[in-house]
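Asks: Here's a structure for you.
The values are calculated or read from the model by the stated rules, or taken from the named source; none is laboratory data. Fair warning: this is a prediction, and the values are worked out from it, not measured in the lab. When we count neighbours, we look across all protein chains shown, and the Cβ atoms used for this are built from the backbone with ideal geometry, even at glycine. What goes into the accessible areas is simple: the full protein's heavy atoms, side chains included, and nothing from ligands, DNA or RNA. Shrake-Rupley method; radii C 1.70, N 1.55, O 1.52, S 1.80 Å.
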Amino acid sequence: MTQPDALTLLIPHPAPDQKTARTLLIALRRIAAGGIDDASAANLLLGAFGMGYRRPLMFLRVLMQEISRVSQHQIAIAPCCCPRMTEGEAAILLCIESGAAHPDMARAALSRVTGTLDLAPALSIAQALGDALADVGRPITL
């Protein structure tokens, strides 16, 4: 058995192939790097979702803010150009995708990377973001 390389250890998950999930990942990374008012994240979602971009953007901003508020430690976020995802990014996307259908799985994934069980607001926001994406005809699938 071969040893995994350092990149695979630091960034263990492949980036999603689905366009909505990939767009959301890049927007998440831009918000993490530039703050919740990052214009490039807004522009990215406008280009991807048209005039229906506002609700997904607002929920993504609030979700990122809530996760940063409750997290007991730093969550690693990769650069926008990285073709892989960190454990934290994968957990956030999984939470958005499965928040409504599998809330226990979403809670476990988010709890693992935040180090807290105080996740009720974050899970509600993730569910609302998943619903907003479905409303614009772009549900997230991983």
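Asks: Could you please state how large a percent of the accessible area of the chain is carbon and sulfur, counting protein chains only and using a 1.4 Å probe?
Replies: Answer for the chain: carbon and sulfur cover 57 percent of the accessible area.
Asks: Rounded to the nearest 500, what is the chain's calculated 222 nm mean residue ellipticity when only DSSP H runs of at least 4 contribute -39500 (n - 2.57) each, over all residues?
Replies: Details: 7 runs with 89 residues, N = 142.
Value at 222 nm, helices only, nearest 500: -20000 deg cm²/dmol.
Asks: Follow-up question, since we're still on this one. For the range 7-55, what is one quarter of the convex hull surface built on the Cα atoms, given in nm²? Could the numbers behind the result be given before it?
Replies: Numbers: hull surface 15.8 nm².
Directional mean of the projected Cα hull area for the range 7-55 stands at 3.9 nm².
Asks: Over the chain, with a Gaussian network built from C-alpha contacts below 10 Å, which listed residue (Ala101, Ala126, Ala76) shows the highest mean-square fluctuation?
Replies: Judging by the Gaussian network model, the answer is Ala101.
Asks: Which log10 I(q)/I(0) values, to two decimals, does the range 47-109 give at q = 0.20, 0.22, 0.26 Å⁻¹ under the Debye formula with one point per Cα?
Replies: Calculated log10 I(q)/I(0) at the listed q: -0.98, -1.13, -1.26.
Asks: On a 1.4 Å probe surface of the protein chains, which of Ser98, Ser68 comes out largest in accessible area, and what is the full order?
Replies: Details: Ser98 5, Ser68 85 Å².
So the residues, ranked largest to smallest area, are Ser68, Ser98.
Asks: Based only on Cα atoms, what mean projected area does the convex hull of the chain have, in nm²? Please list the in-between numbers first.
Replies: Details: hull surface 34.2 nm².
Mean shadow area of the hull around the Cα atoms is 8.6 nm².
Asks: List the DSSP H helices in the chain whose Cα atoms stretch 18 Å or more along the helix axis and whose mean Kyte-Doolittle hydropathy is at least 0.5. Please report the intermediate quantities before stating the final value.
Replies: Details: long enough: 19-34 (22 Å, 0.52); 54-70 (24 Å, 0.21); 120-135 (22 Å, 0.84).
The qualifying helices are 19-34, 120-135.
Asks: So between Arg69 and Met51, what do we pick up on full extension, going 0.36 nm a residue minus the alpha carbon distance?
Replies: Working it through step by step, the gained length comes to 3.5 nm.
Asks: To continue, here is another question. Using r as the Cβ-Cβ distance of Arg84 and Ile36, and R0 as 35 Å, what FRET efficiency do you calculate, to the nearest 0.05?
Replies: Values: r = 24 Å, r/R0 = 0.70.
Between Arg84 and Ile36 the formula returns 0.90.
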